[in-house]
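All remarks here apply to the structure that follows.
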Amino acid sequence: MIRLTGAQALVRVLLAEQVPFAFGIVGGKLAPLIHALSEQPSIRYVGVRHEAVGPMMAAAVHAGSGRMAVALGEMGPGGLNLASGMGVAFNNNLPLLAITTNQHRAAAYPHSGMFMDMDTRAVLAPLTKWNAVVHDARRMPELVRRAFREALGGRPGPVHLDVPQDVLSGVCEFADDEFDLAPARYRAMLGPRPAAESVAQAAALLRAAKRPLIVAGGGVVASGAAEAVRTLAALLHAPVVPTQMALGVVPSSSPHFIGHGGIIAGQPIKTAFEEADVILNVGCRYSSWMWDEMGPLARRHHQLININIDPSALGAPVLHEVAMVADASTALADLLATLGAAPQIACESAWLPRMRAVRAGYDAALAAMAQEKGEVMHPAGLAQAIAHAMPADALAVYDGGHTTFWSNDFTPVHGVRTRFHEPGMSHLGFGLPYALALKLLHPGKAVVNITGDGSFGFTLQELDTARRSGLAVVTVIHNNASWGIIRAGQRKQLDFEMGTALDGTDYAAIARGFGCFGETVMQAEDVAPAMARALASGLPAVLDCRTRFVPHPASPMFGSMNRYGVEALTRVKK
């Protein structure tokens, strides 16, 4: 037998799962766990300045690598602060393990009225796939293993364990071989395979399709199925629409690329959906990023093949001809095998070239906008300049509201896990925490956080985390000194303006105050030299780029999805 504290037992299971990082803020009741982590150098602890960014960073670790990380929260406020970051992970199906502590068992569940009392399990339950309280340290290995099983099985998501302080510090005896178990012994390592009949039906639909369209979601990235999507697109001569969670499934230079991210990629996406007859949907939930005022862009007249590891994602919000509860990689492998290397297909020869031509026209209009001059930069000109200035192998995060539309169009994408949105919760300020986590994963690569001035304000304190941890990420701010899209909406809808001004803040000076590199940029031609200086500094950097608000051409389409319920009610009343 071996004697370990509850915290040490917890960390031993984390080691078996090869957890690379733990993010949090040190706290008195967390001390046993912090001490246990300090004994294991293979798990790097990164101290942040606000607990909310811990789950954001842990979510980014999975988005960037497929690995799980840990976010820590002290009892009471620490656990409460985790909530917004947990929403980022939950709404984007990104698994992580959150660990909070609580009052000792004699005063918790139910709580007795001490300071910092909180039913943390109940607070975080709506934002987790599974959570529990560890009432006895002897159950620690069992419950931590279950947490990983729940997080990674089926539709992935964050999980949470609340551990009272005396369970963390209490010493128990465990069998000598308790922590020798490999993860494959207690959780499935491979996803489900589709039914052969469903694969045959899907193959028949694709052979007969005249205008096939492939929609690739985050499930494609999670299962490592990007190459299979590209192979299938080539066989079918089909355009591909990667969602915001699947950027790079087809590179932006691919002959099958017509835009990514859903409706924010503008008219090419809507045209493709309007004209397609068969849609292959792989690992995508059809969130409202692919809706208009009529609902999901996949309509009842389409023949839809839907592949998803989550049964609840099949049949809603879109109907299907064929559904497969399956891992994307396995399903596509079976589908490709059934189709064969040279399938007889009915695809119209002009289909893909026509969709590519629509995209080319859209790109030309965007490029023309980028040439517009003014006292400060046009956002298209800034987005184009950032794209040209970034190293070819750089990783990029698109933060902000309207800012992300411009980043989405102009930033070249070469492969998966190189460009990152946060579409599920759309939490402003996630960009810097995401960028820091990506730099931890890829210390030798440039990491760029492209954000808005409003968004940056949510987490700018993490510049301190970046400096202390030696994480030299570059933040480029589209600074239009306002909540630009909100201001435009106030003026258009109700002809008023309140609370939208963000004038007078010098973000470059703020960066220098944190001990980072900071520079103000006024014109597009100055972006590349400033980026070079920022990267050469070896410090976390902020480029405060002065721009103006200009509505993105896809804004009306993006707005249309918000009218879905209103339009439906209007039609019913008529």
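The values are calculated or read from the model by the stated rules, or taken from the named source; none is laboratory data. As the structure is a prediction and not an experimental result, all values here were calculated from the model. So basically every Cβ, Gly included, is an ideal-geometry build from the backbone, and we count neighbours across all protein chains shown.
For segment 429-456, the tally of residues that are touching a Ser or Thr at 6+ places or on another chain (Cβ under 7 Å) and not in a helix (DSSP H, G or I) stands at 5.
Among the residues of segment 351-371, are any of a type in the set (D, E) and under 30 Å from A446 (Cβ atoms)? It would help to see each step written out before you state the result.
Initially, segment 351-371 is screened for residues of a type in the set (D, E), giving 363.
With under 30 Å from A446 (Cβ atoms) added as a condition, the list becomes 363.
Within segment 351-371, one or more residues are of a type in the set (D, E) and under 30 Å from A446 (Cβ atoms).
Looking across segment 179-208, the residues that are outside any helix (DSSP H, G or I), more than 23 Å from T243 (Cβ to Cβ) and among the small types (G, A, S) come down to A182, A188, A195.
Does segment 25-43 include one or more residues that are of a type in the set (D, E, K, R), surrounded by fewer than 21 Cβ atoms within 10 Å (Cβ to Cβ), touching a helix residue (DSSP H, G or I) at 6+ places or on another chain (Cβ under 7 Å) and modelled with pLDDT of 95 or more? Among the residues of segment 25-43, not one is of a type in the set (D, E, K, R), surrounded by fewer than 21 Cβ atoms within 10 Å (Cβ to Cβ), touching a helix residue (DSSP H, G or I) at 6+ places or on another chain (Cβ under 7 Å) and modelled with pLDDT of 95 or more, which makes the answer no. T101 meets the stated requirement of being more than 18 Å from K129 (Cβ to Cβ) and touching a Lys or Arg at 6+ places or on another chain (Cβ under 7 Å). Residue selection: R417 satisfies the criterion of being among the charged types (D, E, K, R), surrounded by fewer than 20 Cβ atoms within 10 Å (Cβ to Cβ), in contact (Cβ under 8 Å) with a residue 40 or more places away in the chain and not in a helix (DSSP H, G or I).
Look through L297, L232, L304 and report the one residue that is over 26 Å from P95 (Cβ atoms) and within 23 Å of the chain's Cα centre (by Cα). Full working, then the answer.
Working: L232 fails: within 23 Å of the chain's Cα centre (by Cα); L304 fails: within 23 Å of the chain's Cα centre (by Cα).
When all the criteria are applied, what remains is L297.
Taken together, the residues in segment 371-388 that are of a type outside the set (D, E, K, R) and surrounded by fewer than 23 Cβ atoms within 10 Å (Cβ to Cβ) amount to 6. Of everything in segment 287-339 that is among the hydroxyl-bearing types (S, T, Y) and under 19 Å from A225 (Cβ atoms), the residue that is surrounded by the most Cβ atoms within 10 Å (Cβ to Cβ) is S329.
Just to be sure, is V241 outside the structural domain of L395 (by TED's automatic domain parsing) and touching a Pro at 6+ places or on another chain (Cβ under 7 Å)?
Judged against the criteria, V241 is not a match.
The residue list L10, L30 contains one member that is under 24 Å from A89 (Cα atoms) and touching a Gly at 6+ places or on another chain (Cβ under 9 Å), which is L30.
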